[in-house]
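Q: Structure in structure tokens, see below.
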Amino acid sequence: MRVGVDYYPEHWEESRWQIDARLMREAGISVVRLAEFSWCKMEPEEGKYDFGWLDRALEVLYKEGIQAVLGTPTATPPAWLHQRYDIYPRDARRYPLGFGTRLQRCLNHPVMRRYSRLITEAMVSHYANHPAVIGWQTDNEFEANLCYCDVCADLFRQWLQRKYGSLEALNKAWGTVFWSQEYSSWSQIPLPWVARCGQSHNPSLWLDYRRFASESTVSFQREQVEIIRRLAPHHFITHNFMGLHDSMDYFALAEDLDFVSWDNYPKGNWEEAGHAALAHDVMRGIKGKNFWVMEEQSGITGWEHVGRRPAPGQIRAWAWQAVAHGADAVVFFRWRSCLYGTEQYWHGILNHDGVPRRRYREVSRFGEEMNRLSAELDGTTPNHQVAILNSYEQNWALQIQPQVNGLRWWDQVRRYYHSFRRLGAGVDIVSIETDLKRYRLIAVPSWYILTERDTHRLTDYVREGGILILSPRTGVKDERNVCRTEPLPSLLREAAGVEVDDYDPLGDAQNRIRLSTGEEFTVSVWADALLLKGAEEVAVYTHSIFAGEPAIARHRYGKGVVYTFGTYGEPALYNTLLGRILDEARVERLAGIPADVDACWREKDGTRILFLINLSGEERAVPVPSEVTPLLGAPPQQGAVNLPPYEVGIYRVR
Ligand code: GAL
């Protein structure tokens, strides 16, 4: 377990470094991330490397017992490189993103690739055996290389050639007969450039382009990873992901890394337990293991416009919330608010004046606690019986054709997630390629693109006793992003025991459904009229064109059960029905947790650690199992603990 900070020694006079390092140590900080934006300092002229300043900074830090994660600086190539070569990415109107901000590089450009390898080799050769350096962060907050330059157009065509083999096969796969789009030469194939009249591109071309753009970033990173593995095999490699960001396939990006890190700036309503919790769980699910927070909010954020100051205690509560969800290190962004540049108002632990004040004391408190509990927490990890499947391809396919409001990927994930958490169940958010049998219950948002392989994985899971929840718009397309001809949910209809007889894209319009147990709920977004083919009815529509027809069905299949939701309901529907399904699946739950308290387990060898984080500005009474040993916070009285605003309780349960 570690506490850290993102530090930019290059922004400050060297005479200040010693003071910073001492203050860091006194705050319990033992790791810094450095250098990810300092290419112009490390290579001020082409081929002339200068690591002297970084050596001196590392020495100062190391003397205070602080180690470092170094970032490869490829998110901000230096001006001299851009002056010599045009490596600017093009947007969908083919307009270049010029110099002066960041990410102004096409990750496919051979020149960018070459200079990325060169600076990475120079850095890693220099620091492979430095005692202060423990690992690497590749680049900074990678996104899919959604670039529309000529290099990308050529590479995309080559990628398609490898994928389809012949133009005939590509024309057939994409259905280019529509609107007379058959290609007779690879060079005719466009990128999905913005069309003047706002017309959309072929959804099959779009999806392949999204796959290609994502793979481009993965392969860019891989070149850096290979260099680091070769020259510094004893160092770890990570990258700072962005929570619910979805331009690229995070599962693929993480494959080459040792663990995931991510940048946590809580969004939405800060007092809702949901948002950061969901993002932490998504991040843990990417590799199915604990992670780091590489940038944790430590103050007021914003560039030209700024947000509110976190309330006293809120920064510490967020940091513990990260740990509760599986973070093994919390690295705060940033040490001190910068005096210049775009991020002058993105505040650090220290203000511009560099004087340790309230936020420093709050971080120090967290640092002391985390270091004290380190031995207890080391090796513990969340372990859940419920999963929601995550897929970037499904997400992209729904971005390409959103169809109606509310069908968006994360909206669907949120519906299930918030309800499971409200009902006291911990949730993993995982790829369909993980070992599904670990879970008693799996909810699947629209599995819009359904392959034979995915069908087998899901049906095997149910046959062997799992409970599966399917959503509307399952099995609509095949992997080419072409509509399937089987009745929906296409390849899953036998397991689901239903067929979609008709559908009504409700969008913001509403209908009502009634459960067989009598309760009624409002539904919206989408309405499938289900034909029962072996399944039993769980809910019917009560109004409009499908009145009296099944909306939700339950089907025994093998040793398991498939629930088909033909529509999306208000939260109360999920809180009612998912509660029953959790019971049917015999999922263990923490009952009676207030909505703005985040309650989580980490466990190891039969020992469980319970985290209770009050994210609200008011005191909350939280039930606690009997026989607990308090590790942090007050001991429970009569089976409950009163958590003051933004307070944290950590308990060992044997
Ligand atoms: C992050 C980024 C940092 C910094 C921070 C504040 O997304 O990784 O470099 O820019 O936001 O804007």
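The values are calculated or read from the model by the stated rules, or taken from the named source; none is laboratory data. Keep in mind that what you see is a predicted model, and the values were worked out from it rather than measured. As a convention, Cβ positions derive from the backbone with ideal geometry for all residues, glycine included, and neighbour counts pool all protein chains shown. For accessibility, only protein heavy atoms count, side chains too; no ligands or nucleic acids. Shrake-Rupley method; radii C 1.70, N 1.55, O 1.52, S 1.80 Å.
Q: To one decimal place, what Kirkwood hydrodynamic radius in Å is obtained for the stretch 597-653 from all pairs of distinct Cα atoms?
A: After inverting the pairwise mean of 1/r, the radius is 11.2 Å.
Q: Using only the alpha carbons of the stretch 1-158, determine the length spanned along each of the three principal axes and report them from longest to shortest in whole angstroms.
A: Taking the Cα atoms of the stretch 1-158, the three principal extents are 54, 33, 27 Å.
Q: Pick out, in residue order, every one of the GluC sites (Glu not before Pro) in the stretch 444-492 that is DSSP loop and has at most 12 other C-beta atoms within 10 Å; say none if there are none.
A: Loop-located and lightly packed - Glu464.
Q: Something else about it: Just the number, please: percent antiparallel of the DSSP beta bridges in the stretch 386-584, rounded to the nearest 5.
A: Among the beta bridges of the stretch 386-584, antiparallel pairing accounts for roughly 65 percent.
Q: While we're here: Tell me the per residue accessible area of the stretch 271-384 using a 1.4 Å probe; a whole number in Å² is fine.
A: Here the per-residue accessible area is 35 Å².
Q: Could you work out the relative contact order of the chain? I mean the mean sequence separation of Cα pairs under 8 Å and 6+ apart, divided by the number of residues, in percent.
A: Relative contact order of the chain: 11 percent.
Q: For the chain, what is the percent of antiparallel DSSP beta bridges, rounded to the nearest 5?
A: Working: 56 of 102 bridges.
Antiparallel bridges: around 55 percent, rounded to the nearest 5.
Q: By its C-alpha gyration tensor, with a ≥ b ≥ c as the square roots of the eigenvalues, how is the stretch 150-207 shaped: rounded for a/c under 1.5, else prolate for a/b larger than b/c, else oblate?
A: Since a/c reaches 1.5 but b/c is at least a/b, the shape of the stretch 150-207 is classed as oblate.
Q: Let me make sure I get this right: for the stretch 461-507, a, b and c are the square roots of the gyration tensor eigenvalues over alpha carbons, sorted descending. Under 1.5 in a/c it's rounded, otherwise prolate if a/b > b/c, else oblate. Which is it?
A: prolate
Q: Next question. Placing one identical point scatterer on every Cα of the chain and ignoring solvent, what is log10 I(q)/I(0) from the Debye formula at q = 0.06, 0.10 Å⁻¹?
A: -0.36, -1.01
Q: How big is the stretch 475-553 on each of its three principal axes, counting only the C-alpha atoms and giving the largest first in Å?
A: 40, 30, 16
Q: Going by a ≥ b ≥ c, the root eigenvalues of the Cα gyration tensor, does the stretch 332-391 fall in the rounded group (a/c under 1.5), the prolate group (a/b larger than b/c) or the oblate group?
A: Note, shape of the stretch 332-391 comes out oblate.
Q: May I ask you to derive the relative contact order of the stretch 597-653, considering only C-alpha pairs under 8 Å and at least 6 residues apart, and to give it as an integer percent?
A: Answer for the stretch 597-653 is 40 percent.
Q: Which entries of Lys533/Lys559; Lys477/Lys559; Lys163/Lys437; Lys289/Lys437; Lys172/Lys477 show an alpha-carbon separation above 21 angstrom in the structure shown?
A: Flagged as over cut-off: Lys477/Lys559; Lys163/Lys437.
Q: Could you tell me what percent of the accessible area of the chain is made up of carbon and sulfur, with a 1.4 Å probe and every protein chain present?
A: Accessible surface attributable to carbon and sulfur in the chain totals 49 percent.
Q: Could you tell me which trypsin sites (Lys or Arg not before Pro) in the stretch 491-558 are loop residues by DSSP with no more than 16 other beta carbons within 10 angstrom of their beta carbon? Show your work: numbers first, answer last.
A: Details: sites: Arg493, Arg512, Arg514, Lys533, Arg554, Arg556; in loops: Lys533.
Loop-located and lightly packed - Lys533.
Q: Another question, if that's okay. Rolling a 1.4 Å sphere over the protein heavy atoms, what is the accessible area per residue of the stretch 1-121, to the nearest Å²? Could the numbers behind the result be given before it?
A: On the way: 5040 Å² over 121 residues.
Roughly 42 Å² per residue, with all protein chains present.
Q: A further question on this structure: With the Cα gyration tensor of the stretch 221-373 in hand, convert its eigenvalues to equivalent ellipsoid semi-axes via √(5λ) and list them largest first in whole Å.
A: Largest first, the stretch 221-373 gives 27, 18, 17 Å.
Q: A follow-up question, please. Could you let me know the centre-to-centre spacing of the stretch 345-423 and the stretch 535-592, using Cα atoms, in angstrom?
A: So the separation of the two Cα centres works out to 28 Å.
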